[in-house]
């Protein structure tokens, strides 16, 4: 079992890594959205409102970290990372629409449809999802397109979103909760790591190692999300807490309590770190990021 | 100038070609939607409600016709054709949502959100768009992914949809109308033909010929759509007519009148057919389909 390293230094290392790599992704995303026709400027503005709303950039940074570990091409890595962040952002925009969660705030700002209206929010989401696949196609690697489409689609994120909708207000068993989390959140996190490896032509063995890291990280991430929804600071998180309890959602804390949920998250982080042990110091960013997932306050 | 061939025989040939090739696409689409987890069956059902609602299948059949002309692999052609039809269907589902057109009927049936609710309609659209890219990725040709994403995205269909929204209730100049039509409808029609050629490794010269065919066909298609919105039979079309006039939309008939619009459409069909003259009898399906676009009553 790994010793838990000093929390403060972990957070500093992780935040500095996230900050630096985020900059690369943000520059790239800005570039991909430049030079659009005058007549769609308002749509681009709406897209940027959500895309640059202060997200953690965890997923795209995981793409870059994985590509770095396996020696991938930086341009391809930036395209792939941007695509993943665009898909994550589109899913938030559509989730916030009146049809689904009807949320007014996200990351401390009014949601996109509250500012630009539902029509533009719907189209901004559709546009982001489509642009993401343009970028993935531009990597020249069709395997990456298939991988991301699977994890974002009806057998992945969209399917998880649908199951979550169906489960609202119901008590669901732990197995079902795990399945929903895996599809809704875990799939895209695992995929972020896998595509970073795929564009780097990583070997089967490396792909398996990074997949195990991603799966455990994804589960821990979701457990911590559930915990923060109970005990988190609304100001730091930029959105209301206590919403799961209000909707009577089944969550880790509702099934196991806060303490046991924290232990579970920690166990999964240890397993994630265990999966990449063989890579030594080169995998340090992966270690910081893993611990950061449970130390984070938003 | 081409002589207009016998209308009745053209319609019969085109409809028989559309019927046969549609069957291939429908079988393929059913296959791609099979074996989904029990827990997303209702989502699959909703997707099928729209995907098998009696569309003309013009776009996917154009993919197959183009791939046939240039000797492409039939499995890749079916995947690509299905992807195009899924993208067309997703765009209709999202267009019908309350955020955009708020339409209650489509092809003579209640719209998806009227039957399954807005949440499922939104997710069904997202799922179809994502599945389309999974299929395009599976063709192994990243160029096809990029081509389709561009024509469906913010610089294509989504952008056109946005401009159309902005233009509602305004008198817009002819140039603007052409731009909106090109992006909203023309782009995906031209792309259907281009990707059929791309998966067949067609030469640059052939790709240019089929692109000219597609561009002219797309313009004629949109002009006829505008005409049918004025003079069409609601029963045959399965949706209300006169809606453009009610919304004070700028259309070909509103700018040029019905007669002149018909002439324009015919001129573009003749140019489309001219573009593929060199391929002789092999291109007969392309000729039928082109005339069918202006002879159709829905």
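The values are calculated or read from the model by the stated rules, or taken from the named source; none is laboratory data. Bear in mind that the values here come from a model prediction, so they are computed numbers and not experimental data. Ideal geometry is used to build each Cβ from the backbone, glycine not excepted, and the neighbour counts take in all protein chains shown.
Structure data summary
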| item | result |
| --- | --- |
| Which listed residue is touching a helix residue (DSSP H, G or I) at 6+ places or on another chain (Cβ under 9 Å) and over 29 Å from residue B:105 (Cα atoms), from B:195, B:230 | B:195 |
| Residue check for residue B:236: surrounded by fewer than 20 Cβ atoms within 10 Å (Cβ to Cβ) and modelled with pLDDT under 95 | yes |
| Residue that is within 17 Å of residue A:92 (Cβ to Cβ) and in a helix (DSSP H, G or I), where the choices are A:28, A:46, A:65 | A:46 |
| Of residues in the stretch B:54-72 being surrounded by 15 or more Cβ atoms within 10 Å (Cβ to Cβ) and at pLDDT below 95, the one farthest from residue B:17 (Cα to Cα) | B:55 |
| Test result for residue A:41, within 14 Å of chain B (Cβ to nearest Cβ), outside any loop (DSSP other than H, G, I, E, B) and closer than 19 Å to residue A:129 by Cα | yes |
| Hey, residue B:238 away from chain A (no Cβ under 14 Å) and in contact with a strand residue (DSSP E or B) (Cβ under 9 Å, 6 or more places away or on another chain) or not | yes |
| Count of the stretch A:235-259 residues which are in a helix (DSSP H, G or I) and touching a helix residue (DSSP H, G or I) at 6+ places or on another chain (Cβ under 8 Å) | 10 |
| Conditions (1) surrounded by 21 or more Cβ atoms within 10 Å (Cβ to Cβ); (2) at pLDDT 95 or above; (3) more than 12 Å from chain B (Cβ to nearest Cβ): number failed by residue A:79 | (3) |
| Wholly enclosed helices (runs of 4 or more DSSP H) of the stretch A:90-204 bearing at least 3 residues buried (at least 18 other Cβ atoms within 10 Å of the Cβ) and at the interface with chain B (Cβ under 7 Å from one of its Cβ atoms) | A:118-138, A:142-152, A:157-167 |
